[in-house]
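> Sharing a structure here in C-alpha cells format.
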Amino acid sequence: LTFLGLESSCDDTAAAVVRVSDTGREVLASVVSGQTELHAPFGGVVPEIAARAHAEKLDLCVEEALAKAGLALSDLDGIAVTAGPGLIGGVMSGVMCAKGLAAGSGLPLIGVNHLAGHALTPRLTDGLDYPYLMLLVSGGHCQFLIASGPENFTRLGGTIDDAPGEAFDKVAKLLALPQPGGPSVEAEARKGDPRAIALPRPLLDRPGCDMSFSGLKTAVLRARDQIIAEHGGLPKARRADLCAAFQASVSDVLAEKSRRALREYLTQAPAHPALAVAGGVAANKAIRGALETVCAEMSVAFLAPPLALCTDNAAMIAYAGIERYQGGGRDGMDLVARPRWPLDQNARALLGSGK
Ligand code: ATP
Ligand code: FE
C-alpha cells in the first residue's frame, strides 16, 4: 500500500509518501516546510499567518513529495491527512487539500489524529510490536500512552500545565539564550554543574504519571533574579549552572515518571516490552540517557526514531493512515477538522496534554 500523507496542524507544512509492503515499511519521500521565519517577528505562532501559509504551501509540498517518490497520484492507494488536534485554520487547510485530491483522483480519504501519527512512528521506523509504551515529549505535548492498536491508546498521565519543550523555550528566553530553547539550553548545560543550584522536582512526591513543568520555569526565574541581585548581573558560569540544574530536573522527572509508567505497562506482560519516545525534546542527550538507563534497569527496549521523524512530519501521518485503512477505517467528504481530539477517548479530554 502506498499513501500520500499531509500535515499542517502547527507551524510545519508537510507532505510525504510512504509504502508498506510484505518486505517492510519505506518512506519514499518526506517534505517538510517550516514557517519559523514567518512567525519570528511575533514571538510565537500566529494562527492566521500559519493557516494562510499552509494553504499556499500544501500543493507545492504534495508536488515535491510525489516528484521525489517518482509517483503520480494514480500510483497511490490512499490519501491520509491530519484532521486534528491542532490550530484549526491549519488543520482545515490540510483537510480541504486532501479532500480535493481525493475527489479528483477517486482515492480513499483517511483522517488521522496527529498524536496517533507521533505514537505510531516507532512502528514505521522499527516495526515495533503492540503493545508498547510511548512517551510523547515535544513543544506542545507531554504524555505517556500505551499503544495497543492504531486507534487503541491508553493514556497513563501527562503534564498538567506546560510541555517540557515549552519550558526549555521559556527558560532560554529568561536566560537570553537563542530560540528554540532546547538545543541552546542543552549546549549551556554541558558547561555547568547541575548540583550548583537546587531546583524542585515537581510532582515526584505524588503518585502516578502526571507531570508539571511550569513551576520549574518559575523556580529558574527566581534563581536567576537571586543571582542577579548577588552579582549585579548573570555571570556566564552561573547561567550554565542554571541550565544544567534545569535540565537535570526535567530529566529526573521524566525518568522517574517513565519508571512508574513502565511498571504499569509491564503488568500487561507485553511479549516485547519497549519504551519509545517521540517529539523534539527526545533530541536532548541528557534526557535520552536518563530514559535509556531506566529502560536498561527494567529490561525494556528503548527506541528513539531519527529526529526528522520525531518532530512534525507527514510520513508519520501517511503511515498512521495506512494502519487505519488496513483496519477498515475510511472517511468521506464530511471529514471535519478537530481542534481538540484526545487519543484516549476515556481519558479526561485534554486535561494535562499541554497546549
Ligand atoms: P507539537 O509537535 O507537540 O505540536 P512542536 O512542534 O513545538 O509541538 P517539536 O517540533 O516536536 O514540537 O519539538 C520542538 C520542541 O522541542 C521545542 O520546544 C524545542 O525547544 C524542543 N527541543 C528541541 N531540541 C531539544 C533539545 N536538544 N533539548 C530539549 N528540548 C529540545
Ligand atoms: Fe507534533
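> Where residues in region 142-159 are within 16 Å of ligand 1 (Cβ to nearest atom) and not aromatic (Phe, Trp, Tyr), which of them is surrounded by the fewest Cβ atoms within 10 Å (Cβ to Cβ)?
Step one: list which residues in region 142-159 are within 16 Å of ligand 1 (Cβ to nearest atom), which gives 142-145, 153, 155, 158-159.
Now drop any that are not not aromatic (Phe, Trp, Tyr), which leaves 142-143, 145, 155, 158-159.
Working: 142: 32, 143: 30, 145: 27, 155: 23, 158: 25, 159: 26.
Restricting to residues being within 16 Å of ligand 1 (Cβ to nearest atom) and not aromatic (Phe, Trp, Tyr), the top hit is 155.
> Can you tell me which residues in region 4-48 are free of Cβ contacts under 8 Å to residues at least 60 places away in the same chain and hydrophobic (A, V, I, L, M, F, W, C)?
Those that are free of Cβ contacts under 8 Å to residues at least 60 places away in the same chain and hydrophobic (A, V, I, L, M, F, W, C): 28, 29, 38, 40, 42, 45, 46.
> Just the residues that are assigned to a strand (DSSP E or B), surrounded by fewer than 21 Cβ atoms within 10 Å (Cβ to Cβ) and either within 16 Å of ligand 1 (Cβ to nearest atom) or among the acidic types (Asp, Glu) (or both), please, taken from region 10-26.
Within region 10-26, 26 is the sole residue that qualifies.
> Given (1) touching a residue at least 40 places away in the same chain (Cβ under 8 Å); (2) among the acidic types (Asp, Glu); (3) away from ligand 1 (no atom under 13 Å from the Cβ); (4) out of contact with any Pro (no Cβ under 7 Å at 6 or more places or on another chain), identify the lone condition not met by residue 323.
(4)
> Just to be sure, is residue 321 within 24 Å of residue 90 (Cβ to Cβ) and not in a helix (DSSP H, G or I)? If you could, list the steps in order and put the result at the bottom.
Numbers: within 24 Å of residue 90 (Cβ to Cβ): yes; not in a helix (DSSP H, G or I): no.
Against the criterion (within 24 Å of residue 90 (Cβ to Cβ) and not in a helix (DSSP H, G or I)), residue 321 does not qualify.
> Could we say that residue 89 is part of a helix (DSSP H, G or I), within 16 Å of ligand 1 (Cβ to nearest atom), under 20 Å from the mean Cα position of the chain (by Cα) and surrounded by fewer than 24 Cβ atoms within 10 Å (Cβ to Cβ) here?
Yes: the conditions hold for residue 89.
> For residue 296, which of the numbered conditions (1) of a type in the set (Gly, Ala, Ser); (2) within 16 Å of ligand 1 (Cβ to nearest atom); (3) assigned to a helix (DSSP H, G or I) fails to hold?
Residue 296 satisfies all of (1) of a type in the set (Gly, Ala, Ser); (2) within 16 Å of ligand 1 (Cβ to nearest atom); (3) assigned to a helix (DSSP H, G or I) except (2).
> On to the next question. Taking the stated definitions as given, is residue 55 surrounded by 15 or more Cβ atoms within 10 Å (Cβ to Cβ) and within 16 Å of ligand 1 (Cβ to nearest atom)? Full working, then the answer.
Values: surrounded by 15 or more Cβ atoms within 10 Å (Cβ to Cβ): yes; within 16 Å of ligand 1 (Cβ to nearest atom): no.
So residue 55 fails the test.
> If you don't mind, another one. Determine which single condition residue 281 fails, assuming it passes every other condition in (1) away from ligand 2 (no atom under 16 Å from the Cβ); (2) assigned to a helix (DSSP H, G or I); (3) crowded, with 17+ Cβ neighbours inside 10 Å.
Going through (1) away from ligand 2 (no atom under 16 Å from the Cβ); (2) assigned to a helix (DSSP H, G or I); (3) crowded, with 17+ Cβ neighbours inside 10 Å one by one, residue 281 breaks only (1).
> Still on this structure, I have one more. So for region 113-123 (the condition being part of a strand (DSSP E or B) and within 16 Å of ligand 1 (Cβ to nearest atom)), does at least one residue qualify? I'd like the intermediate steps shown before the answer.
Within region 113-123, the first condition is being part of a strand (DSSP E or B), and the residues that meet it are 113.
The next check asks that each one be within 16 Å of ligand 1 (Cβ to nearest atom); those that pass are 113.
Within region 113-123 (the criterion being part of a strand (DSSP E or B) and within 16 Å of ligand 1 (Cβ to nearest atom)), the answer is yes, since at least one residue qualifies.
> Out of all the residues in region 160-169, which are of a type in the set (D, E, K, R) and surrounded by 20 or more Cβ atoms within 10 Å (Cβ to Cβ)? Before the answer, list the steps.
Just the residues of region 160-169 that are of a type in the set (D, E, K, R), to begin with: 161-162, 166, 169.
Across region 160-169, the qualifying residues are 162, 166, 169.
Every read-out reported here was derived from the displayed coordinates using simple, explicitly stated rules and does not represent laboratory data. No experiment lies behind these values; they were computed from the predicted model shown. Ideal geometry is used to build each Cβ from the backbone, glycine not excepted, and the neighbour counts take in all protein chains shown.
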